[in-house]
């Protein structure tokens, strides 16, 4: 049985920061048997990253995506009274907590924990973003705020932040040319109509599955620290450094489409 003390030791060994935003993508199955199960892991992550919600602590962010509801008969793609997401069990557990604040994004919301003032500031304005992972929204601010992504038992095909970097870099064929209706239903029952430009893959098959191609480049530039969370192999990824590497690769490749096939990135693009 993996105890909370075991988890804290692993966080410390990996250098998981305690004063900046940290987004966690996790496979609970890969983590193994944790004291308190998924809730125990979530408790430990929140306590560690936020320093028990201290004003000096960071923010623990759990993706609570609902992009799978786009294009359905109901234009509401995110319902604040509905804990279902399309990204696993940990997000559902996060949304059940009374201390959670969920950002008002119709497809790529986050459950955020930390000092209440910091959490409120982090989520402010998210409802006005016009794309899936806007550089001006929570996903984009991971880069400017010195944030990290923690990949627990999963790879970069689950690293949503990389979509935001591509938006920042203006990579073509990543966003719809036109706006798609994606409404938000508040706890009160009121509905906010939010048209957004959503992710798509025109001419490219399963773009997200190709993001692990960047991992050798990230490692070459020191973007990743390896460790364990429970039994799960884990990568702690520096958001600012990953964005810099992707910008370098794009510049050296002349803006070529790099995710259309399974070929590895040429080393001359990043070394």
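The values are calculated or read from the model by the stated rules, or taken from the named source; none is laboratory data. Here the structure is a predicted model, which is why all the values come from computation and not from measurement. Backbone-built Cβ (ideal geometry, glycine too); neighbour counts: all protein chains shown.
General observations
- Members of the range 13-24 that are within 21 Å of the chain's Cα centre (by Cα), surrounded by fewer than 19 Cβ atoms within 10 Å (Cβ to Cβ) and not in a loop (DSSP other than H, G, I, E, B): 14
- Any hit, the range 43-52, residues being in contact (Cβ under 8 Å) with a residue 60 or more places away in the chain, touching a strand residue (DSSP E or B) at 6+ places or on another chain (Cβ under 6 Å) and farther than 21 Å from residue 160 by Cα: yes
- Selection of the range 159-194 for residues being assigned to a helix (DSSP H, G or I) and either more than 21 Å from the chain's Cα centre (by Cα) or buried (at least 18 other Cβ atoms within 10 Å of the Cβ) (or both) yields 161, 162, 163, 164, 165, 166, 167, 168.
- Those residues of the range 147-158 which are under 14 Å from the mean Cα position of the chain (by Cα), surrounded by fewer than 22 Cβ atoms within 10 Å (Cβ to Cβ) and not in a helix (DSSP H, G or I), in sequence order: 154, 155
- Any hit, the range 234-256, residues being within 21 Å of the chain's Cα centre (by Cα), part of a helix (DSSP H, G or I) and modelled with pLDDT under 95: no
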